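Written below as structure tokens is the structure these notes are about.
The values are calculated or read from the model by the stated rules, or taken from the named source; none is laboratory data. Being a predicted model, the structure only gives us computed values, none of them experimental. When we count neighbours, we look across all protein chains shown, and the Cβ atoms used for this are built from the backbone with ideal geometry, even at glycine. Protein only, heavy atoms only, side chains kept; ligands, DNA and RNA dropped before computing areas. Shrake-Rupley method; radii C 1.70, N 1.55, O 1.52, S 1.80 Å.
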Amino acid sequence: MSRVHQLIGAAGSTASDATYAAYYASIAQTDEGGDGTVRHRLRPEVGDGTIEVTPLRSGFHIVRYDVAFTGGHQVGYAFPDDHFELEHCVDGRMYISPSEAEAATVTGDLHTGGLYAGSVALSPRCATAGVVAHADGERYRAVSITGTWTGLESYLRGLGADALPAIGPENIARERYLGRSPALLPVAGPLEEIFLHRRSSPGRLLFMQSRLVAALAALIDGLTVPPPTADARHRAPAPALDEHEVAALRRVPELLWQQRHTPPTLAGLARASSMSVRRLTTGFRALYGASVGEYHRRRCLDRAAALLVETDWPVARIGHEVGYASPSNFGYAFRRDRGTTPARFRQAHS
């Protein structure tokens, strides 16, 4: 049974700073960069990867996770109602198990609640407590913005933005808290750009601040989405998945990636997963929040964006590496997804 670390207090509070400092000291070696970014590199016995924390003058912190824990990892938390956190999972999965009091109002448990690749979670404006967990050796890549709700409101007023919309009914807030609400998916774009921006540059903090503003704009838009209609609430629920089906579906992204130059058909994936095509497609969407094709396309283009930033490979080579048959097809897909060409994306993020 892995040790459960404990984090408490609103972001930026004395209690929070103390528990986070103790947590990082227990799992990682720490070094500080010239721009104030603190990098916590996991100790070999704990796992592999880095948690990077960058403070911004706006009072928010940006936390970037790229970690895989040996033997699994659990962190308990108890946050007050002023704690604000907005997190986007780029890849992998983090499981959320609310406290018993919350579990009475939240559908889900350690195996179904939490962030998966592409999802976004928002802390509710009420006290929360529970445990987040990482599976043994499963890499988790994510970006989180932390602060306080009162700090957020002050910051938005300073920008001349409209008042922050209400979070909405409790059930809607809880869905967002557990990363299950599609209304917040537009927030993923600017947060993902923060994850991909790895190079040090004089304008790095300004870039991150700009992406913070873009993420908050998307958050405001997401919070204004009206609650689902009665018809929508009474639609058939997502299919319940057995453990062996979940295991089979979790192999699908890797099968697609391994065969990205000659992608298998849905029928082929279904046969490899011992499932029907319908079960595969509905189960995959329930598990990952996207269709098989959408998820794979996103993964390929995310990998391409990372290669554009981290390497000097020619654009054509990167396109081929992520599975595109021709540079023109890759350029079209990338421009449609990111709103800019691969060359301009590289220039903007270098």
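Remarks
- Extreme residue, nearest to L56 (Cα to Cα), among residues of the stretch 209-239 that are modelled with pLDDT under 80 and open to solvent by 90 Å² or more (accessible area, probe 1.4 Å): P226
- Residue, surrounded by the most Cβ atoms within 10 Å (Cβ to Cβ), within the stretch 54-64, restricted to residues that are out of contact with any Ser or Thr (no Cβ under 7 Å at 6 or more places or on another chain) and in a strand (DSSP E or B): R64
- Of the residues making up the stretch 298-350, those that are open to solvent by 10 Å² or more (accessible area, probe 1.4 Å) and among the β-branched types (V, I, T) are T311, V315, T340, T341.
- Check on A343, closer than 25 Å to E192 by Cα and under 21 Å from the mean Cα position of the chain (by Cα): no
- Contact annotation: residue pairs with Cβ atoms under 8 Å, 6 or more positions apart or on different chains, pairing a residue in the stretch 247-266 that is closer than 16 Å to A117 by Cβ with a partner that is open to solvent by 70 Å² or more (accessible area, probe 1.4 Å) and assigned to a loop (DSSP other than H, G, I, E, B), are L256/P263.
- The residues of the stretch 262-282 that are among the charged types (D, E, K, R) and crowded, with 17+ Cβ neighbours inside 10 Å amount to a single one, R279.
- Positions within the stretch 31-50 being buried (at least 16 other Cβ atoms within 10 Å of the Cβ), outside any strand (DSSP E or B) and of a type outside the set (A, V, I, L, M), in sequence order: T37
- Candidate set from the stretch 296-350 (those that are more than 20 Å from R260 (Cα to Cα) and of a type in the set (V, I, T)); member that is modelled with the highest pLDDT: T341
- Number of the condition not met by T70 [criteria: (1) open to solvent by 50 Å² or more (accessible area, probe 1.4 Å); (2) farther than 20 Å from G137 by Cβ]: (2)
- Pick from the stretch 1-30, criterion open to solvent by 60 Å² or more (accessible area, probe 1.4 Å) and assigned to a strand (DSSP E or B), ranking: modelled with the highest pLDDT: Q29
- In the stretch 251-261, residue nearest to G293 (Cα to Cα) [restricted to those that are modelled with pLDDT under 90 and open to solvent by 70 Å² or more (accessible area, probe 1.4 Å)]: E254
- A Cβ distance below 8 Å, combined with a sequence gap of six or more or placement on separate chains, defines the contacts here; from the stretch 174-194, residues that are within 18 Å of V132 (Cα to Cα) reach residues that are open to solvent by 40 Å² or more (accessible area, probe 1.4 Å) and β-branched (V, I, T) in the pairs R174/T105.
- Scope the stretch 179-196; condition modelled with pLDDT under 80 and buried (at least 19 other Cβ atoms within 10 Å of the Cβ); matching residues: G179, R180, S181, A183
- When residues of the stretch 130-164 are limited to those that are assigned to a loop (DSSP other than H, G, I, E, B) and closer than 21 Å to R211 by Cβ, the one modelled with the highest pLDDT: L159
- Residue in the stretch 113-126 that is in a helix (DSSP H, G or I), basic (K, R), at pLDDT 85 or above and over 17 Å from the mean Cα position of the chain (by Cα) present: no
- Residue, farthest from C89 (Cα to Cα), within the stretch 288-323, restricted to residues that are among the aromatic types (F, W, Y) and under 25 Å from the mean Cα position of the chain (by Cα): Y295
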